[in-house]
1. Once R0 is set to 41 Å, what does the formula 1/(1 + (r/R0)^6) return for the Cβ-Cβ distance between His202 and Asp387, expressed as a FRET efficiency to the nearest 0.05?
2. Taking just the alpha-carbon atoms of the chain, what radius of gyration and Dmax come out, in angstrom?
3. Mean projection of the alpha-carbon convex hull of the stretch 277-363 over all orientations, in nm²?
4. Express the relative contact order of the chain as a whole percentage, based on alpha carbon pairs under 8 Å and six or more residues apart in sequence.
5. Please report Asp438, Asp118 as a ranked list, fewest other C-beta atoms within 10 angstrom at the top and most at the bottom.
6. Convex hull over the alpha-carbon atoms of the stretch 3-235: what's its volume per residue in Å³?
7. Compute from the Cα atoms of the stretch 200-240 the Rg and the Dmax, the latter being the longest Cα-Cα distance, and quote both in angstrom.
8. If you count the DSSP beta bridges with both ends in the chain, what percent of them are antiparallel, to the nearest 5?
Amino acid sequence: MAAERRTIGDYLRGHAQDRGDAVALAFEGESIDYATLDRRASRIANGLIAMGLTPGSRVAYLGKNRAAYFELWMGAIRAGMVMTPVNWRLAPPEIAYVLADCRPALLVADPDFADRLDPAPSCPVLLTEAGGAGDLFAAWRDAQADADPRRDSGYGDPALMLYTSGTTGQPKGAMLTHRSLLGLRDGGGQDDLPAWFRWSPHDVALVAMPIFHISGSGWGLWALQHGAKAVVVREFDPHQVLDLLVEHRITKLMIVPTALRIVCDHPRAAQTDFSFLETICYGGSMIPLDLLRQAIGIFGCGFAQMYGMTETAGTVAGLAPEDHDVRGNERMASIGRALPGVEIRILDPQGHVLPPGEVGEVAIRSPSNMAGYHGRPEATAQAMDADGWLRTGDAARMDADGYVYLADRIKDMIITGGENVYPAEVEQAILGHPDVADVAVIGVPDPKWGEAVKAIVVPVEGATPDPAAIIAWARERIAAYKAPKSVDFAPALPRNPSGKVLRRLLRDQYR
């Protein structure tokens, strides 16, 4: 098999054979070497096959970060199945929607989230640890045979399905293939990649971002792809992050700027030696200049901004460390340039390529692009054309050197603390409140979260709604991070002749 066609399972088998005693995963005091991970993946695959599950079936996971998730994923891949992590931060109706949409053949869940399974899924449920009604995942795993079933799916078949919110309020499952997840790193030599994007078996990566995002699952996978060590953090905590950075001598860290600021502001950060840390990659938003200065002074390593989305399996463009300057420069306002193997165009509404300097929609063609949305052929056709170009919904301009500068988000998406929030979804949750006649949701600047969700409400005639009550109403129906942080009131909302709310005008009032 040619090197560029190796699947995720092939990489794991190779590392187990060549460096089986090297640590693959570290999690809360347990170290799992590549030989053990390989053996557990075979056991899990055999267990899935013994349950009668067929290739292409979805295996869902509802829980916080843990090594068992990556074991489950590697086992699902070995059985030709698709891993589907579910966002544990979602409200029960949202979790129910995702499970109903993906129709998993098996669900592995943390017991803490058992009360969120309403209605109960029709598939078998295994628990990651004691604390609820159900069999334990580890006991089930260890009862299976060790022999590798070698029932992997093909390079172009889905291996991971991540749900991404939509402008209609209904999340969609982006199907990421082995090619999507591996293609930018296995198509050529490491020398073709920028230094900050390369991995080696000597790297130690901290997996602190949630695994239901590509920044969590992808970051852990790329460590395993290269035979490196992935240190898994159950949930982001600045105290623990600082401890693990030093204890494991982390070389690669992926973090969102809001989380980076929390770590930098920790009293111990300035007194810690981080000379082992090589690169901090950040995404979700640009890094404020004051934070960059603070972080460089504390960590002394290279910083790289990464741009991508779930549908591109993560990073497709980046701003290299050499483009970062504590004095500030024009390029730091950009997301950087396309990675090797990635094409980026700026298109007008008719799909024509715009010249440098003109603002249009960002379109991407890359081996990492998704195969499509699960069960959504129309949505897939709207997002991707027959030539493989993915329309991102981001508005931007490109300079003559290929640096891309985001201008706005065409789809009005809000990024708060690294999480994507779509106004329509929040508006739908608020509109059921008996005192709300109309509502528009926007993102407003926030020093902690980058953006905060704000609702502008038109009250029902004669009503005087309480902002706290509206926020509480929303939090009962959608994830807490999506709910508005503040509520303002207005007699009417600005709309265009067709009736569409002009969110840009509302945003301008607060900026």
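Read the figures in this text as sums done on the coordinates, not as results from a lab. If you're wondering where the values come from, they're calculated on a predicted model, not measured in any experiment. A quick note on method: Cβ atoms are made from the backbone with ideal geometry, for glycine too, and the neighbour counts reach across all protein chains shown.
1. On the way: r = 39 Å, r/R0 = 0.96.
So, using R0 = 41 Å, E works out to roughly 0.55.
2. 22.8, 73
3. Details: hull surface 26.7 nm².
With the hull built on Cα positions only, its mean projection is 6.7 nm².
4. Numbers: 1084 pairs, mean separation 58.5, N = 511.
Rounded, it is 11 percent for the chain.
5. Asp118, Asp438
6. Details: hull volume 28.6 nm³, N = 233.
Cα-based convex hull of the stretch 3-235, divided per residue, equals 123 Å³.
7. 10.0, 28
8. So the antiparallel bridges in the chain amount to around 60 percent.
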